Amino acid sequence: MRTAASLTQSAAEKQAEYAKQLMGAKTINEFSAAQNKIAQASFDEFMAGATKISEMSVKVMNDSLAPLNDQMAK
């Protein structure tokens, strides 16, 4: 839960920064370039967060099933 909350807080802070970048654009080309950069960064951050949560979930599942696997092996 802490990891999810941390990822959410980080995303909210970055979205505020992205909004500032977009508001600072002086031309349509600057706005479009900033929007493309933001979209790529957002996708990369999402994938990193999803991977981290997935890896944590697999570890928790494996750890919680270890006693059952030990019993089944016996």
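The values are calculated or read from the model by the stated rules, or taken from the named source; none is laboratory data. This structure is a prediction, so every number in the text was calculated from the model and none was measured. When we count neighbours, we look across all protein chains shown, and the Cβ atoms used for this are built from the backbone with ideal geometry, even at glycine. All accessible areas refer to the heavy atoms of the entire protein, side chains included, with ligands and DNA or RNA removed. Shrake-Rupley method; radii C 1.70, N 1.55, O 1.52, S 1.80 Å.
Odds and ends about this structure:
- With a Förster radius of 30 Å applied to the beta-carbon distance between residue 61 and residue 20, the computed FRET efficiency rounds to 0.15.
- The chain, accessible area per residue, ligands and nucleic acids excluded (1.4 Å, Å²): 84
- Distance from the C-alpha centroid of segment 17-40 to that of segment 44-73: 37 Å, rounded to the whole angstrom.
- Element breakdown for the chain at a 1.4 angstrom probe: carbon and sulfur atoms account for 62% of the accessible area.
- Vicinal HN-Hα couplings computed from phi for segment 40-50 (Karplus, 6.51 cos²θ - 1.76 cosθ + 1.60; Hz; Gly/Pro x): 5, 5, 5, 5, 4, 5, 4, 5, 5, x, 5
- Peptides 57-70, 26-39, ordered by how many other C-beta atoms sit within 10 Å of their residues on average, highest first, read 26-39, 57-70.
- Within the chain: Cβ-based charge dipole about Cα centre, in debye rounded to nearest 20 (Lys, Arg +1; Asp, Glu -1): 80
- Ellipticity estimate at 222 nm from DSSP helix runs (n ≥ 4, -39,500 (n - 2.57)) divided over the chain, nearest 500: -33500 deg cm²/dmol
- By definition, a body whose alpha carbon gyration tensor gives a ≥ b ≥ c is oblate when a/c is 1.5 or more and a/b is not larger than b/c, and segment 1-51 fits this oblate description.
- Cross-link reach list, lysines versus residue 20, counting only Cα pairs under 24 Å and skipping chain neighbours closer than eight places: 37
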